[in-house]
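Quick notes on the structure that follows.
We did not get these values from a lab; they are worked out from the coordinates using the rules stated. Please read these numbers as outputs of a predicted model, since none were measured by experiment. Glycine also receives a Cβ, built like all others from the backbone with ideal geometry; neighbour counts cover every protein chain displayed.
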């Protein structure tokens with residue numbers, strides 16, 4: 001039983017609120033007059049309501065009369081400022097009782113935003129696209145954050161009620177139905193969770209609980225209190241939230257956002273506590289934990305003697321994105337400035353995960369990363385697009401709008417067949433014309449601040465052009481969100497369909513030739529420090545060597561490509577030179 005949120009008993013529903021900064025708390029149920037809650041040790045307030053049931057709405061009333069939702073609300077029908085609703089989780093009956101998840105080496109991820117994935121923007125509508133994803137070869141779906149955020153639309157990273165699926169996407173039962181339907185098609189579902197900050201609007205927790213520790217700072221202000229006074233209960237609130245999604249909804253894993261911004265000087269860091277709790281709670285299941293980590297801390301990805309993750313399964317590998325993007329587009333603006341697209345830099349990212357493994361970054365002038373060559377390649381998730389890398393561009397434009405087709409084909413072939421775990425961003429596979437700019441929906445005062453801040457920030461981000469500054473999309477406008485919705489009809493037409501078939505073909509090759517040989521790969525590949533072309537070898541589970549040879553440039557290299565007996569895929573037929581954007585994957589005994 002979870003500590004936070006309503007609890008069903010034989011005598012009704014017990015409501016609980018941890019509010020150590022309050023001397024008294026009341027509760028109002030279905031707009032009835034407020035009733036005082038009983039004070040208990042440790043800052044808890046409780047109330048047993050005999051007539052409460054599934055669908056009952058309630059609010060807590062603080063000493064000053066302010067009414068607040070339950071911080072562990074299971075559903076907010078009227079958004080983050082409205083009443084919370086009691087949800088009886090047992091009412092949904094799962095159908096896939098034998099599902100235990102899929103091994104990590106089989107994973108091909110598809111990242112999607114529920115609101116923009118379909119015209120309806122709901123979980124129910126997304127179920128209708130699951131057969132398409134299965135046919136594409138996807139084995140895992142990663143949902144951008146679905147917990148309740150303020151407003152009618154948003155990326156989800158400004159959430160304030162971490163236990164409640166956002167009502168714009170549907171009810172909790174709809175999320176369970178989506179996960180159940182994915183499992184019936186042998187697809188895993190991962191949820192993106194944010195434990196590094198709360199959003200700027202609708203977060204009432206600081207009114208009654210010590211949520212923040214001002215001794216630590218993050219890009220969003222004071223850090224969440226994971227190591228200060230009364231931090232034990234804050235930690236429990238977050239750890240139980242991770243378990244809630246995995247147990248109550250049967251999700252197959254979590255992607256933890258920006259873990260470098262989780263500040264914690266405790267004896268056991270929160271990240272270790274979460275990993276340990278998840279491992280204990282999901283024994284017998286394939287459950288995978290993913291991190292986004294600007295610090296590139298390889299220690300989080302270490303394996304034990306049997307090759308199993310000690311803490312986290314994998315990390316989003318921004319480095320491989322940056323070098324492939326720079327090679328294909330030539331962009332050197334913003335954070336791409338530190339990343340060389342020289343063959344040796346690209347080879348290091350593809351072979352060993354991190355480009356910088358403790359070395360100093362030339363433009364930032366500071367060291368980054370830790371040695372990662374000892375980690376299996378499946379410790380890294382490779383991509384050429386994701387919500388950040390598209391949405392953090394000035395116009396949210398996708399890579400096919402700025403890279404030539406030959407370059408796009410080459411980098412897609414590299415990352416989809418790499419021993420790293422590939423991740424496709426929704427619509428990438430058919431070169432969707434829909435941009436994916438940042439969008440949100442706060443109150444007007446905060447909207448104005450977002451518009452101003454976004455405009456200032458974009459000067460530092462890729463794709464910004466001073467001449468077109470007046471044409472930048474307004475992140476708070478409904479039209480910006482609507483333009484982000486996928487153009488599904490285009491997927492079946494002309495060049496879009498051809499690109500889709502290419503992705504299907506590459507994923508099928510991965511399924512047949514790469515995945516069966518990944519389970520025993522224990523370390524990164526070896527690469528030649530060539531100044532002309534990429535040359536990498538990996539020793540695979542069956543003793544064969546997987547080879548990648550590539551020319552990621554627009555120039556012909558006067559070198560005859562190596563000859564292989566067992567070619568998996570290549571962009572060009574071999575001749576006496578290595579043509580522009582040449583990629584060849586092959587086996588060598």
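The table for this structure:
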quantity: Residue 100 versus residue 397: modelled label distance in nm, points set 7 Å from Cα along the beta carbon direction; calculated: 5.0 nm
quantity: Cα-based helix-to-principal-axis angle, 318-329 vs the chain, degrees rounded to 10; calculated: 50 degrees
quantity: Gap separating the Cα centres of the stretch 313-352 and the stretch 524-589, nearest whole Å; calculated: 18 Å
quantity: Computed [θ] at 222 nm, deg cm²/dmol, the chain (DSSP H ≥ 4; -39,500 (n - 2.57); rounded to nearest 500); calculated: -7000 deg cm²/dmol
quantity: Chain lengthening between residue 39 and residue 456 when straightened (0.36 nm per residue, less Cα-Cα); calculated: 145.3 nm
quantity: The stretch 222-267: relative contact order as a whole-number percent, Cα under 8 Å and 6+ apart; calculated: 52 percent
quantity: Share, in percent, of DSSP beta bridges within the stretch 1-159 that are antiparallel, nearest 5; calculated: 85 percent
quantity: Cα-based equivalent ellipsoid, the stretch 7-87: semi-axes from gyration tensor eigenvalues, Å; calculated: 18, 15, 11
quantity: Residue order, fewest to most beta carbons within 10 Å, for 455, 23, 517, 566; calculated: 23, 566, 455, 517
quantity: Nearest 10 degrees, 0 to 90: helix 172-184 Cα axis against the chain principal axis; calculated: 30 degrees
quantity: Length gained when the stretch residue 294-residue 48 is fully extended (0.36 nm per residue, less Cα-Cα span); calculated: 84.0 nm
quantity: FRET efficiency estimate (nearest 0.05) - Cβ-Cβ, residue 23 to residue 135, R0 51 angstrom; calculated: 0.30
quantity: Nearest 10 degrees, 0 to 90: helix 405-417 Cα axis against the chain principal axis; calculated: 70 degrees
quantity: Sequence-separation-based contact order of the chain, relative, with Cα cut under 8 Å and 6+ spacing, percent; calculated: 11 percent
quantity: Residue order, fewest to most surrounding Cβ atoms within 10 angstrom, among 509, 143; calculated: 509, 143
quantity: Histogram of C-alpha separations across the stretch 410-567, 5 Å bin width, %; calculated: 1, 7, 12, 12, 13, 12, 12, 11, 9, 6, 3, 1, 0
quantity: Label selected from (i) 36, 33, 22; (ii) 43, 25, 23; (iii) 37, 30, 26, the criterion being semi-axes √(5λ) of the Cα gyration tensor in Å as computed here; calculated: (ii)
quantity: Alpha-carbon centroids, the stretch 136-207 and the stretch 47-63: separation in whole Å; calculated: 24 Å
quantity: Relative contact order (percent, whole number), the stretch 7-87, Cα cutoff 8 Å, 6+ residue spacing; calculated: 27 percent
quantity: Likely footprinting exposure, 321, 11, 216, fewest C-beta neighbours within 10 Å first; calculated: 11, 216, 321
quantity: Debye-sum result for the stretch 350-425 in log10 I(q)/I(0), which assumes one identical scatterer on each alpha carbon, at q = 0.16, 0.19, 0.24 Å⁻¹; calculated: -0.77, -0.99, -1.11
quantity: Label point at residue 493 placed 7 Å out along Cα→Cβ; residues across the stretch 398-423 whose backbone nitrogen lies under 15 Å; calculated: none
quantity: Share, in percent, of DSSP beta bridges within the chain that are antiparallel, nearest 5; calculated: 65 percent
